[in-house]
Amino acid sequence: MNSPITFCISTYNNLNYLKIAIDSVRKNSFFSEAPLIIHAENCTDGTNEWLSENQSKYNFDFYTENNEAPVGIGGGMNFCANKVKTEYIMFLHSDFYVSKNWDLACYEEIQKHAQPTWVFSHRVEPDMFGSPQRPGTVIVPKDAFGAYHYDFERESFEQYAREFVELNDFTIPKAEGVSGLIRKSDWDRIGGNDPIFAPASWEDMDLFLRMINEGYQFLLTSKSVVWHFGARGSHRLEENNGQTSERQRRAEFENAKKWLNKWGKMPQFDSFGMIKKFN
């Protein structure tokens, strides 16, 4: 099968969850043989070695970098996108577990829209960090499917996801984290993530706002479901006991100042939790 999609993952010291994400992509995607590109930056947890050892098993291309000034997840997404040769890019985080045909549902939805569109999956997350229920995400008890790489119950979640898809049929006008399916031409046209926000924080809102200003639309579909371990791929790493890392706290503080300097005021959000266009 010639896939119209390339899967892209950017990762940083998240090997235990990255293994789960890659395995689920190859197991549960409709386009299971689609190109898969992985960018690993400044990893010291064995990620680089594992990628080298398992490249042929999972059929992916990977790139490792050691950068004194980290480009972060957003910069890694830009890196991956530049390597994509298919019509569509499917971004996912390294702490995802994707359910059956998650990619096909997004692909079928995006075909309905001529204007620049970014389609996102509905998320399910464990109640680990006090995150509130929100449109596009279901927060479940942490023992529902397991909340860690070592106790995650794949089959139970897959059954839940099948039932969720059968019982629900909706789209909402929202982006849920920087993931999901977008035409490469639309990504290239907007220029991807702004590198001034590297390594992390605020780059997603900046990207969404730039897209809104250019007439892009965002849709989240109930027909595509992913498990999200909950920011384990960015800053709530295991060694921090579920707390935000010092690296992330510094980035959030510095990037809030950069946001104000760029846009002149703080963002506002609609009832779905989506950033609103500035007047």
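What follows draws every value from the coordinates through simple rules; no lab data is involved. For clarity, every value in this text was computed on a predicted model and none was experimentally measured. Glycine also receives a Cβ, built like all others from the backbone with ideal geometry; neighbour counts cover every protein chain displayed.
List of remarks:
- The chain, relative contact order in percent, only Cα pairs under 8 angstrom and at least six apart counted: 23
- Charge dipole of the chain about the Cα centre (unit charges at C-beta), most positive-ward option of W118, G215, N255: G215
- For the stretch 5-263, the Cβ-based charge dipole about the Cα centre amounts to some 540 debye (Lys, Arg positive; Asp, Glu negative; other atoms uncharged).
- Among the cysteines of the chain, C43, C106 have no other cysteine beta carbon within less than 4.7 Å of their own.
- Proxy reagent accessibility, fewest Cβ within 10 Å first, across M266, M90, M211: M266, M211, M90
- Here's the list of lysines a cross-link from K184 could span, going by alpha-carbon distance under 20 Å and ignoring same-chain residues fewer than 8 apart: K83, K85, K112, K174.
- Residue-averaged 222 nm ellipticity for the chain, from DSSP H runs of 4+ at -39500 (n - 2.57), nearest 500: -11000 deg cm²/dmol
- Using the Karplus relation 6.51 cos²θ - 1.76 cosθ + 1.60 with θ = phi - 60°, the per-residue 3J(HN,Hα) values for the stretch 105-113 come to 4, 5, 5, 5, 5, 5, 5, 7, 10 Hz, with x marking Gly and Pro.
- Compactness relative to 2.2 N^0.38 Å, alpha carbon Rg of the stretch 5-263: 0.94
- Taking the centroid of alpha carbons for each part, the stretch 28-50 and the stretch 202-229 are 22 Å apart.
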